[in-house]
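In what follows, a structure is listed as structure tokens, so that the remarks can point back to it.
The values are calculated or read from the model by the stated rules, or taken from the named source; none is laboratory data. This is a predicted model, so every value here is computed, not measured. Heads up, the Cβs are rebuilt from the backbone with ideal geometry, glycines too, and the neighbour counts pull from every protein chain shown. All accessible areas refer to the heavy atoms of the entire protein, side chains included, with ligands and DNA or RNA removed. Shrake-Rupley method; radii C 1.70, N 1.55, O 1.52, S 1.80 Å.
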Amino acid sequence: MISYDVIEHGKPLQKILKETPRPTGTEVLVRVTRSGVCHSDLHIWDGYFDLGGGKRFYVRDRGCIPPFTLGHEPFGIVEALGPKAKGVRIGQKRIVFPWIGCGKCPVCKSGQDNYCVSGSRFLGVNRAGAYASHVLVPHPKYLVDAGGIDDAFAATLACSGLTTYSAAAKLPDLGPKDWVAVIGCGGLGLVCVSVLRAKGVKNVIACDIDPAKLEAAKALGAKLTLDTRAPDATPKLAALATGNLAGAIDLVGMPATAALGLGALRKGGRYVLCGLFGGELVHPLPPFAQRAIGIVGSYVGNLQELKEVVALAKRRKLKSTPVTVRPASEVTAILEDLKAGRVLGRAVLEFA
Ligand SMILES: [Zn+2]
Ligand SMILES: [Zn+2]
């Protein structure tokens with residue numbers, strides 16, 4: 001097999017030839033055909049997350065030490081099965097759910113692998129990921145059928161589709177006059193607009209600094225858009241929502257976007273934070289109580305939620321976001337493009 005590995009943080013990925021693993025027990029070997037490139041990979045590639053105030057969280061402290069293989073949006077074909085792997089056949093095309101927990105702790109047993117408390121096995125984070133021709137999956141239950149969905153778009157559902165679906169589920173109950181802001185219209189933000197529309201949310205305001213991304217959000221069904229470079233972006237957002245901004249989903253996660261989302265919410269509204277850009281939140285405390293505002297973090301999603309978002313895509317309710325398929329050998333250039341904001345929607349690696 002081949003993989004494109006991080007050998008040193010921030011340096012070009014290296015093509016590595018290695019032995020193809022043999023599945024044992026319940027394991028399944030999937031030959032990767034499509035693999036999405038996610039913005040969060042940039043942080044792991046760089047080796048740290050920015051905690052603000054000059055502080056950093058280093059991925060090596062979570063055991064993410066080079067060399068390793070990134071990639072947590074895998075799609076491919078079942079190539080080999082361990083002797084105890086049941087319910088899947090060689091040759092079947094599947095999305096791989098990457099947010100695999102230990103499988104033993106109470107949180108995993110309740111179906112929330114993504115919040116595992118005792119030993120995550122996230123593909124592309126703690127385990128070898130899908131910037132590779134093959135990926136080893138611990139159990140067939142983590143494979144999701146995506147028949148009828150374009151292969152490249154299907155790959156992106158494993159992170160960007162799932163993450164935004166799970167974030168949307170954390171919004172408060174929405175009335176007919178309520179609005180939701182999607183802050184940041186990169187790969188996640190665009191699919192977030194699609195997800196909200198598929199769930200029947202009509203009043204969506206897309207927010208970004210890039211007019212091309214706002215156009216794309218509009219094409220996916222955002223009713224209004226806001227260029228957040230405006231100095232009075234927060235009152236503008238509140239006004240666009242006619243004072244009824246019930247939810248803000250922040251796919252950027254920097255001080256300016258947090259200030260925008262929190263500042264524009266109506267009383268009782270909720271700010272859902274997904275983005276990992278970095279920084280810290282400094283905010284007066286009384287208004288949280290006085291305005292009854294909720295802040296909730298949302299990290300990827302669980303297997304059931306992946307099945308639900310895939311079902312939406314199968315029923316053609318979920319509009320496909322712009323997806324560009326590029327050869328896997330271009331992975332470093334894609335990461336650079338992503339860092340510079342030059343990717344519209346999602347770039348997906350193709351393994352021939
Ligand atoms: Zn991701
Ligand atoms: Zn667990």
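In the stretch 244-254, is there at least one residue being more than 25 Å from HIS43 (Cα to Cα), out of contact with any Cys (no Cβ under 6 Å at 6 or more places or on another chain) and free of Cβ contacts under 8 Å to residues at least 24 places away in the same chain?
We begin by selecting, within the stretch 244-254, every residue more than 25 Å from HIS43 (Cα to Cα); these are 244-247.
Within this subset, residues satisfying the condition of being out of contact with any Cys (no Cβ under 6 Å at 6 or more places or on another chain) are 244-247.
Narrowing the set further to residues that are free of Cβ contacts under 8 Å to residues at least 24 places away in the same chain leaves none.
No, the stretch 244-254 contains no residue that is more than 25 Å from HIS43 (Cα to Cα), out of contact with any Cys (no Cβ under 6 Å at 6 or more places or on another chain) and free of Cβ contacts under 8 Å to residues at least 24 places away in the same chain.
Any chance the stretch 258-265 includes a residue that's on the phi > 0 side of the Ramachandran plot and open to solvent by 30 Å² or more (accessible area, probe 1.4 Å)? Reasoning before the result, please.
First, pick out the residues of the stretch 258-265 that are on the phi > 0 side of the Ramachandran plot: none.
Within the stretch 258-265, none of the residues are on the phi > 0 side of the Ramachandran plot and open to solvent by 30 Å² or more (accessible area, probe 1.4 Å).
Are any residues in the stretch 51-80 among the acidic types (Asp, Glu) and either over 18 Å from the mean Cα position of the chain (by Cα) or farther than 24 Å from GLY186 by Cβ (or both), and if so, which ones? Talk me through it step by step, then tell me what you get.
Our first condition is that a residue be among the acidic types (Asp, Glu); within the stretch 51-80, this holds for 61, 73, 79.
Hits for the stretch 51-80 are ASP61, GLU79.
Contact list please: Cβ distance under 6 Å, first residue in the stretch 174-201 and free of Cβ contacts under 8 Å to residues at least 12 places away in the same chain, second residue open to solvent by 10 Å² or more (accessible area, probe 1.4 Å), pairs at least six apart or on different chains.
none
With the condition kept exactly as written, say whether any residue in the stretch 275-296 is open to solvent by 80 Å² or more (accessible area, probe 1.4 Å), acidic (Asp, Glu) and touching a helix residue (DSSP H, G or I) at 6+ places or on another chain (Cβ under 9 Å).
The answer is yes; a qualifying residue exists.
Hey, can you tell me all the residues within the stretch 184-202 that are away from ligand 1 (no atom under 14 Å from the Cβ) and touching a Ser or Thr at 6+ places or on another chain (Cβ under 9 Å)?
The answer is CYS185, VAL193, SER194, VAL195, LEU196.
Table: residues versus (1) over 22 Å from the mean Cα position of the chain (by Cα); (2) farther than 26 Å from LYS339 by Cα.
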{"residue": "GLY187", "(1), (2)": "no, no"}
{"residue": "VAL191", "(1), (2)": "no, no"}
{"residue": "VAL201", "(1), (2)": "no, yes"}
{"residue": "ASP208", "(1), (2)": "no, no"}
{"residue": "PRO235", "(1), (2)": "yes, yes"}
{"residue": "ALA239", "(1), (2)": "yes, yes"}
{"residue": "ILE249", "(1), (2)": "no, no"}
{"residue": "MET254", "(1), (2)": "no, no"}
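From the list ARG34, ARG56, pick out the single residue that is in a strand (DSSP E or B), more than 16 Å from ligand 2 (Cβ to nearest atom) and more than 27 Å from LEU157 (Cα to Cα). It would help to see each step written out before you state the result.
Working: ARG34 fails: more than 27 Å from LEU157 (Cα to Cα).
Every option except ARG56 fails the conditions.
What's the total number of residues in the stretch 226-260 that are in contact with a strand residue (DSSP E or B) (Cβ under 7 Å, 6 or more places away or on another chain) and over 21 Å from PHE49 (Cα atoms)?
Number satisfying all stated conditions: 14.
Touching a Pro at 6+ places or on another chain (Cβ under 8 Å) and acidic (Asp, Glu) - does that describe any residue in the stretch 308-317?
In the first step, residues of the stretch 308-317 are kept if they are touching a Pro at 6+ places or on another chain (Cβ under 8 Å); the result is none.
No, that holds for no residue.
Please work out if ARG94 is out of contact with any Leu (no Cβ under 9 Å at 6 or more places or on another chain) and surrounded by 17 or more Cβ atoms within 10 Å (Cβ to Cβ).
Details: out of contact with any Leu (no Cβ under 9 Å at 6 or more places or on another chain): no; surrounded by 17 or more Cβ atoms within 10 Å (Cβ to Cβ): yes.
For ARG94, the condition - out of contact with any Leu (no Cβ under 9 Å at 6 or more places or on another chain) and surrounded by 17 or more Cβ atoms within 10 Å (Cβ to Cβ) - is not met.
Which condition number does GLU79 fail, the rest of (1) acidic (Asp, Glu); (2) open to solvent by less than 10 Å² (accessible area, probe 1.4 Å); (3) at pLDDT 95 or above being met?
Answer for GLU79: the failing condition is (2).
I'm trying to understand the selection: among the residues of the stretch 164-183, which are within 15 Å of ligand 1 (Cβ to nearest atom) and open to solvent by less than 10 Å² (accessible area, probe 1.4 Å)? Can you show your working first?
Our first condition is that a residue be within 15 Å of ligand 1 (Cβ to nearest atom); within the stretch 164-183, this holds for 164-167.
Of everything in the stretch 164-183, those that are within 15 Å of ligand 1 (Cβ to nearest atom) and open to solvent by less than 10 Å² (accessible area, probe 1.4 Å) turn out to be THR164, SER166, ALA167.
(1) assigned to a loop (DSSP other than H, G, I, E, B); (2) touching a residue at least 40 places away in the same chain (Cβ under 8 Å): which one isn't true of LEU260, the others all being true?
In the conditions (1) assigned to a loop (DSSP other than H, G, I, E, B); (2) touching a residue at least 40 places away in the same chain (Cβ under 8 Å), LEU260 misses (1) alone.
Name every residue in the stretch 185-202 that is open to solvent by less than 10 Å² (accessible area, probe 1.4 Å) and assigned to a loop (DSSP other than H, G, I, E, B), in order of residue number.
CYS185
In the list LEU29, LEU51, LEU70, LEU42, which residue meets the criterion of being touching a helix residue (DSSP H, G or I) at 6+ places or on another chain (Cβ under 6 Å) and outside any loop (DSSP other than H, G, I, E, B)?
Details: LEU29 fails: touching a helix residue (DSSP H, G or I) at 6+ places or on another chain (Cβ under 6 Å); LEU51 fails: touching a helix residue (DSSP H, G or I) at 6+ places or on another chain (Cβ under 6 Å); LEU70 fails: outside any loop (DSSP other than H, G, I, E, B).
Exactly one residue qualifies, and that residue is LEU42.
Return the only residue of LEU214, LEU226 being part of a strand (DSSP E or B) and over 22 Å from VAL310 (Cα atoms).
Values: LEU214 fails: part of a strand (DSSP E or B).
Only one candidate passes the filter, namely LEU226.
Evaluate the stretch 138-161: report whether one residue or more is within 16 Å of ligand 1 (Cβ to nearest atom), at positive phi and touching a residue at least 60 places away in the same chain (Cβ under 8 Å).
No.
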